[in-house]
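Engineer: Take this structure first; my questions come after.
The values are calculated or read from the model by the stated rules, or taken from the named source; none is laboratory data. As the structure is a prediction and not an experimental result, all values here were calculated from the model. Positions of Cβ are generated from backbone atoms using ideal geometry, with glycine treated the same way; all protein chains shown enter the neighbour counts.
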Amino acid sequence: MRGGLLSGAERLRLSDGRELRLLSALEVMQARREAEELAGRDGRERALCSNACLLARALERRGRPVFASGRDVLAGLTVEEIGALARRWSEFNREENPGLSGGEERTEALKKVWSTRRRSACGGACSGLWGRSRPRRGPGG
């Protein structure tokens, strides 16, 4: 995420001064585990709890988390606010981290850049120095 070839913005500034930041794979995994504990056996609450736990890690103000846990997000925001912020984070994450199924335009642009970049001076032409190989005659040569 930081300083990689595909790295872009790591934070999305919201109109109220808060920021949504991209999360590492470990942070997403931790959010999922917290959500499972919070939702318990009721699968209907799992999506809301997952979004709340994700926002607890992603939502910041001046570099500090706004909420300490997913439970605090559930206590401090409405269902609509959680849904809207989770959608914004998801869109931001998709834009900055194009996966195999998303970000086709950006992926195509990167492929074009990579295919036209300078390569080593040899680039396959060095084999001309060695001349052509003799044609083979049969299986053993």
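Engineer: Out of the residues in segment 36-58 that are among the small types (Gly, Ala, Ser) and at pLDDT below 95, which is surrounded by the fewest Cβ atoms within 10 Å (Cβ to Cβ)?
Structural biologist: If we filter segment 36-58 for residues that are among the small types (Gly, Ala, Ser), which is where we start, we get 39-40, 43, 47, 50, 52, 56, 58.
From what's left, at pLDDT below 95: 39-40, 43, 47.
Working: ALA39: 19, GLY40: 10, GLY43: 8, ALA47: 14.
Among those residues, the one meeting the criterion is GLY43.
Engineer: If you don't mind, another one. Can you name the residue in segment 4-35 that is polar (S, T, N, Q) and in a loop (DSSP other than H, G, I, E, B) and is also surrounded by the fewest Cβ atoms within 10 Å (Cβ to Cβ) among such residues?
Structural biologist: Ranking the qualifying residues of segment 4-35, first place goes to SER15.
Engineer: Name every residue in segment 77-87 that is over 13 Å from ALA47 (Cα atoms) and crowded, with 16+ Cβ neighbours inside 10 Å, in order of residue number.
Structural biologist: Scanning segment 77-87 gives LEU77, LEU85.
Engineer: In segment 64-76, how many residues are in contact (Cβ under 8 Å) with a residue 12 or more places away in the chain and either surrounded by fewer than 16 Cβ atoms within 10 Å (Cβ to Cβ) or not in a helix (DSSP H, G or I) (or both)? Before you say what the answer is, go through the steps one by one.
Structural biologist: Residues of segment 64-76 that are in contact (Cβ under 8 Å) with a residue 12 or more places away in the chain, as a first pass: 66-74.
Now narrow it down to the ones that are either surrounded by fewer than 16 Cβ atoms within 10 Å (Cβ to Cβ) or not in a helix (DSSP H, G or I) (or both): 66-69, 72.
The number of residues fulfilling the criteria is 5.
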